[in-house]
1. Work out how much length residue 273 to residue 304 would gain on full extension: take 0.36 nm times their residue separation and subtract the Cα-Cα distance, in nm to one decimal.
2. With springs connecting C-alpha atoms under 10 Å apart, model the chain as a Gaussian network and identify which of 284, 110, 171 has the largest mean-square fluctuation.
3. Post the alpha-carbon centroid distance, the stretch 176-195 to the stretch 252-279, in whole angstrom.
4. So what's the back-of-envelope 222 nm ellipticity for the chain, counting only DSSP H runs of four-plus at -39500 (n - 2.57) apiece and dividing by all residues, rounded to 500?
5. How do 90, 114 rank when sorted from fewest to most other Cβ atoms within 10 Å of their own Cβ?
6. Mind checking the full-extension length gain between residue 72 and residue 244? Use 0.36 nm per residue of separation minus the Cα-Cα distance, one decimal, nm.
7. For the chain, modelled as a Gaussian network with Cα springs under 10 Å, which listed residue fluctuates most, 69, 118, 170?
8. Taking 7 Å along the Cα-to-C-beta vector as the label spot, tell me the residue 323-residue 335 distance in nanometres, rounded to one decimal.
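Here, each number is a calculation from the coordinates, and none is a lab measurement. Since the structure is predicted, the reported quantities are computational estimates derived from the model, not experimental observations. Here Cβ is always computed from backbone atoms with ideal geometry, including for glycine, and neighbour counts include all displayed protein chains.
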Ligand SMILES: [Cu+2]
């Protein structure tokens, strides 16, 4: 399940915790513009006022986190069972997507969500995905990481005709291999970056070797027409991951953008256990996981230090600006 904070009672607790731990003030310390030692009192005063304004802007954005916006992506997609087949339906259409408070962008969404709803099945399941196209342009779905019959691979003019506006297409295959995969458009230059993407997670049939975790978190990074986003939202509208001290979580990073994003988690080094859905023979520890377009990494994080731990892309322009943190920033909040 997703341990996400909504704008209800836990939200206040999160903010209280964030303030108590000095998340706002401490995080940006040392980034005020340097004042040369030789400047006179008036110059110092002007520089001081500028840095105060900068700090106030930064503080306001941190205090707004997690900011409320319309729409939440990557929600679980329910299936119906039809003759032993798990049937999922996704409808692609254009929406206005609020990426941060007051900022709406034209997006392409599956079932009105960016990212599209999360599909979870078990290895060996027979799966049917019915795509309905209500977009103003043709589309298709490619199941990225899954091994499907060739005709179900979703590449227009290679394995199928494009699905034109108003048309449907039915994909059917046996879910394999187990692991963290994705589904997304395979048509046009910007359908994925506009939002036609989602997580497709295949649990192993034998779950005895699966790590036990308190939360299984999908974290999809994207860049393009919607800006720099984590699960379709930009800071301060990103969702924090809330966990109790001593628990362990699994973060499934996926990159649906066009550039690499080194995702850095403060305070809590992670154990990388899988790449592109495949279990690593030798898991390794890292605090920065460099997620290239198309890649997925499964990372176990032991929440063994209380506090609000920033989680952000380490290409700084994707996370910081003169007006404060933006884009690919969220936090892992470890509660005592
Ligand atoms: Cu980045």
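1. Taking 0.36 nm per residue and subtracting the Cα distance, the gain is 9.3 nm.
2. Between 284, 110, 171, it is 284 that shows the largest mean-square fluctuation.
3. The stretch 176-195 and the stretch 252-279 have Cα centres separated by 17 Å.
4. That comes out to -4000 deg cm²/dmol.
5. Ranking 90, 114 by Cβ neighbours within 10 Å, fewest first, gives 90, 114.
6. Net length gain for the segment: 59.6 nm.
7. 170
8. 3.2 nm
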